[in-house]
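Working notes, beginning with the structure itself.
The values are calculated or read from the model by the stated rules, or taken from the named source; none is laboratory data. This structure is a prediction, so every number in the text was calculated from the model and none was measured. For neighbour counting, all protein chains shown are included, and Cβ atoms are generated from backbone atoms with ideal geometry for every residue, glycine included. To get the accessible areas, we keep the full protein, side chains included, count just its heavy atoms, and leave off ligands, DNA and RNA. Shrake-Rupley method; radii C 1.70, N 1.55, O 1.52, S 1.80 Å.
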Amino acid sequence: MTTDAAKTPEPAAEVVLLRSVSKVYGAAPHAVTALDDMTIGFRAGTFTAVMGPSGSGKSTLLHCAAGLDRPTRGQVIVDGTDLGPLDETGLTLLRRGRVGFVFQSFNLVPALTAEQNVALPLRLAGVRPPGAEIRAALAEVGLSGRAGHRPDELSGGERQRVAVARALVTRPAVLFADEPTGALDTRTSREVLALLRDVVDRQGQTVVMVTHDPVAAAHADRVVLMADGRIADEMTAPGDRGDVGGAGPAGLRLRAEAIAVRMAALEGSC
Amino acid sequence: MLSLDMVRGGRAGFAGAFVALFLGVALVSMTALVFTSAGPRVPARYAGTAVLVRAPAAVQADGSFLADRPWPPETVRLLTDRLKAVPGVVAAVPDRSFYAQPVIGGRPDPGRVEGRPWSSAALAPHRLVSGSPPSGDREVVVEHALGLAPGSAVTLLTAAGPVPYAVSGTADGPGLYLGDAAAARLSGGVRVIGLRTAPGADLAAVEAAARTAAGSLGEVLSGDARAALETKADARTRWIGTQVLTAMASLSGFAVVFVVASTFAFGVMRRRRDLGLLRAVGATPRQVRRMVRGEALAVGVAAALAGVAAGIALAPVFGDLLVAAGFEPPGFSVRITAWPPAAAFGGGLVVALLGTWSAARRAARTSPLEALREAGADRRPMTRARLLLGSAFTAAGIAVAVAVAGTRPEEIVTLALLAAMALTVGIALLAPAVLPPVVRALLWPPSRARGATWTLVREGSLAAIRRTASTTAPVLLTVGFAVLVTGMVQTTAGAFALGRTAVVRAEAVVVPADGVPGLSDAVVAAAGGTAGRVTGDTADGGAGSTAGGVPLPTTVHPDGMPPQAALGAAAWETGGSGGAPRAGTDSPGEAGRARKAGDLPQGREGSGGPGTVVVARWVAAERGWRAGDTIRLTFEDGRAEPLRVAAVAGDAPAAFLLPRDVVRAHDPSALTPEILLPGPAPGADRLGPLGARALGPAAYAASSRDEDDRLVWLFTLVLVGTAVGYTGVAVANTLFMAASGRVREFRVLRASGATPRQVLGVVAAESALVTVMGSLLGAAVALPALLGIRSGLSRRVGASVPLIVPWPAVLGVVGACLVLAVAAGVLSVLGAARRAR
Ligand SMILES: Nc1ncnc2c1ncn2[C@@H]1O[C@H](COP(=O)(O)OP(=O)(O)OP(=O)(O)O)[C@@H](O)[C@H]1O
Ligand SMILES: [Mg+2]
């Protein structure tokens, strides 16, 4: 499947590609255009932050890119597969195997333990996951001692880390996260962001994250600024060439202050 | 595997579905077990006789329990002779019975009202404990338990009056036994001949030979088939019991289907967010569907099994209650058979799965984004299918309610129930469309007040209108049932009372004393013979009264017809309207009926003299008889007589009107039900020893309804108790489920500054709102059916019947719902309200 994308003459493989995607909510008089003819790609092994004022269409972009929702117009290609022709089951199977998703909150099934939550995608796929694998995934996010706890027995940061572990357990082509630190304090946010940065650096994972926080965005290799359903601005880390694991040392990263300035400019212009 | 995890973890949510199905299956399997046990039994008095022959029985109309046609005396002799000759038969014993009631300590014994010839004691068999068999005309053998020693004196009330007897012996079973000849004089005809067989006789051979001997004259019964010999009284009690059980089974069956289906569907709806999350994480629609159904199956099997066990345990208790209430004959016991519980189990499971069926389809279509959406806010509360189905049920319900008004009397109740059920389903389906205006109307004044509570309640109920509809449904059902059942019973009873009170124009009424089945001729003589106007049968809701003569009811057997009720009365007085025999002209029911000119004799000559009969118009029409024809009637003693039709009466109180002495001659055990007197009644000192008492008109109108009222009241209790009790539990159940699913929401409320009391206030107010709306809709659902019943009854009685709804009782049910709903809601969020996390 990836071969198609690999054949396209682009510098590095675009794991996710949106071509002229529009999303309109509602009907004629009250229609809201959340995405307006948007074209964007996310290359393998990169960490992208999507920013923009509230209502600019960030969540909508993520939902369309992840196959959680269907665009009104345009084409979405995930890991070489065009989502357009897929039916609901096909979409689900693709999501299950190739896409991970972390929401701002309510990520976990309350009735299941952390371990069961992490194992859920595999079990839905009909695989009986070895306990060791699941425990390793939990250990990866630093929660080896919490396997048997239910969501209401975990802190907010721990819950988000369980969610990340679950999103990664199927080794997806891309991980989407919609304000994963939105409900967390600074310290726990930093833990979750470090975790995301880590999987990009060590495993070459592709990550796309929506955030309002310039500090969070500074963990990314690339920042896309959206306004009114379009790309308004874009920043790339100095050391990033789009290579796998290409994030440079801290000095080569984007600076939160710079991002904040661009954001302010964008919001001022609106 | 996956689904079972979710069941275990989501225990709270499934408890509701479990409880609904558990109680439902318990209720249904209990009712079904009792229902299937309610077959006829071999009467104890024939228990010791392997082979019996009975007179051929005609099929009677449903609810008619008149005595079957006895053999003519010659046939009895012929049959006994033939049967006696069968090898292995020692004796062929004709069984007869007559009215006899011992007076013990000055009171007629209510439990012993039947006398038999001593020879038939052997059929049970009952044997002598002490003394000797009765001989002569004035000796009796009594049950040993009565405590009378041989040689002591006892007074027996008979159809003639009190008669002194001497106890010759005591027997080890119930019954009063006279010598065969004495018994024969008091009895009517013979319907059963029992064969006493020699020890070791080949019963199959005896049976076959008896069949040949009897030919077409009699039906040979053996083994369980002997149950056909149960008394008509027991058959009638069982029939009433079957009516009760049928009504109960259909009402509670409907309640169970409704509650279980909606609870299971609601259980799925509550977890929309979880299901969305599963979809987002990678569950395919098919997997979600299968999971939801798997959960329903797991919960369903557990709950239905537990329910069946409870049903089996409770069935004997319920059976005993029915016997105590008089809905099943004494000796009734519940037989535990396999299929009723099995059917309840399977049915419960199917209903649970069907309830989840569309919910599972809906769940499978859940968008993965559902997990992200804020709770509440139903975007499409009414699907098109739901709208169509709801409208169809509502329309059908209204159509049936209209049809009730014009239907046959015996179908009124069935159709009314059907109408109410269809309307209940229709309105429950339409609730998401119907409720918003109701919420707005009800909460418009309070939500303009200062506090936030009512605004929160209003917006909360409107946003989650499907949840509001789900919690309203059980209240709707409960109140709808309560209004319908109590209103139906009261309106019907009121209509009958209307018919009855209209005829009481007497100064005094002589009625049997407590426990006495009827009045003897001695009472009639004491009350002044054939004095005054007299009531007849009042079973029709309109009463008949026959001018002149105290009517004596009996059963006659016209050729080619099932048994019919007949009344014997002395020669008619000439009434005010042209000398016609007037019958029952005072009741409103009769006034409404057209009277065809020419049916009644113009002169006085045909006034029911000897050798004549007056025939009810419907019988005459059915048989093509006209005044002047001669017809043949067979009487209670098995003898037939040709009678000239003196008149055809459009409003006769019975199928046939006969001279009183003719009835008495053929039916020695016939008893007079009551005597209406134009003047003062004889004193209690005279009536008391005769087993009678006198009442004023008011006391009469009240007392004559006592037994009926008691049964009707019990009937209502049973129905309301089971159906409404069950739905009441469903009210608590659903509100508990609804509130416990919203704990997160209430925490947010706490976090935004609401005090625990305010949170509980919101929950209590929502529960109250749901109860009020459910009650309004419930009343709305029941009213069309009640109006249908009213116009049906009005047509039948011929007068406008008032619609009686016992509002205090209904308000009691509403109050109970309110308490249940508020308590369930508040209890389930108590923990969440305290913590502000
Ligand atoms: N289900 C929906 N129905 C109608 N309109 C919607 C829906 N979801 C989003 N919108 C509208 O689409 C636009 C984009 O929404 P979106 O959620 O993508 O914004 P966002 O950038 O994620 O905002 P935020 O930063 O506040 O999360 C908004 O104007 C929003 O009102
Ligand atoms: Mg958003």
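Structure above, values below:
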{"quantity": "Rounded to whole Å, sorted largest first: equivalent-ellipsoid semi-axes of the protein assembly as shown, Cα gyration tensor", "calculated": "85, 32, 24"}
{"quantity": "Rg/Rh (Cα only; Kirkwood hydrodynamic radius) as it applies to region B:395-458", "calculated": "1.29"}
{"quantity": "In order through region A:89-95: 3J(HN,Hα) via Karplus (6.51 cos²θ - 1.76 cosθ + 1.60), integer Hz, x for Gly, Pro", "calculated": "5, x, 4, 5, 4, 5, 4"}
{"quantity": "Shape box of region B:84-153 [Cα atoms, principal axes, largest first, Å]", "calculated": "49, 23, 22"}
{"quantity": "Total accessible surface hidden between A and B, rounded to 100 Å², 1.4 Å probe", "calculated": "2300"}
{"quantity": "Chain B: angle of helix B:203-214 to the longest principal axis, Cα-based, in degrees nearest 10", "calculated": "60"}
{"quantity": "Two-site label geometry, B:L321 and A:E257: point separation in nm, points 7 Å out along Cα→Cβ", "calculated": "8.2"}
{"quantity": "Label point distance in nm, B:A684-B:L203, each placed 7 Å from Cα along Cα→Cβ", "calculated": "5.3"}
{"quantity": "Fully extended contour minus Cα-Cα distance, from B:L388 to B:A153, at 0.36 nm per residue", "calculated": "76.8 nm"}
{"quantity": "Quotient of Cα Rg and 2.2 N^0.38 Å for chain A, N being how many residues it contains", "calculated": "0.98"}
{"quantity": "Projected label distance in nm at B:R440 and B:D514, using a 7 Å step from Cα toward the beta-carbon", "calculated": "6.2"}
{"quantity": "Label point 7 Å beyond Cα of B:V90 along Cβ direction - residues of region B:97-141 with amide nitrogen under 15 Å", "calculated": "B:119-128"}
{"quantity": "Dipole-positive endmost among B:S669, B:V619, B:I427 within the protein assembly as shown (Cβ charges, Cα centre)", "calculated": "B:I427"}
{"quantity": "Tail fraction, Cα-Cα pairs, region A:76-198, threshold 24 Å, whole percent", "calculated": "26"}
{"quantity": "Using alpha-carbon coordinates, inclination of helix B:339-364 to the longest axis of chain B, degrees", "calculated": "30"}
{"quantity": "P(r) histogram, all alpha-carbon pairs of region A:62-128 included - 10 Å bins from 0, percent", "calculated": "18, 46, 29, 7"}
{"quantity": "For region B:300-437, convex hull of alpha carbons as volume per residue, Å³", "calculated": "194"}
{"quantity": "P(r) tail fraction, region B:617-731 - alpha-carbon pairs more than 16 Å apart, %", "calculated": "77"}
{"quantity": "Folded to 0 to 90 degrees: helix B:706-719 orientation relative to chain B principal axis, Cα", "calculated": "30"}
{"quantity": "Magnitude of the charge dipole, region B:44-231, Cβ model with Lys/Arg +1 and Asp/Glu -1, debye to 20", "calculated": "240"}
{"quantity": "Over region B:24-177, volume per residue of the alpha carbon convex hull, in Å³", "calculated": "197"}
{"quantity": "Within-13-Å neighbourhood charge of B:T197 [Cβ basis; K, R +1; D, E -1]", "calculated": "0"}
{"quantity": "Residue range of chain B that is longest and free of GluC sites (Glu not before Pro) which are both DSSP loop and sparsely packed (at most 12 other C-beta within 10 Å)", "calculated": "B:1-373"}
{"quantity": "Isotropically averaged projected area of chain B, using the convex hull of Cα atoms (one quarter of hull area), nm²", "calculated": "42.4"}
{"quantity": "Semi-axis lengths (Å, descending) of the ellipsoid that matches the C-alpha gyration tensor of region B:716-837", "calculated": "40, 13, 10"}
{"quantity": "Signed unit charges on C-beta, dipole axis of region B:44-231, positive-most listed residue B:V76, B:A213, B:P102", "calculated": "B:V76"}
{"quantity": "Reduced Cα scattering model of region B:99-232, Debye log10 I(q)/I(0), q = 0.16, 0.19, 0.20 Å⁻¹", "calculated": "-0.86, -1.08, -1.15"}
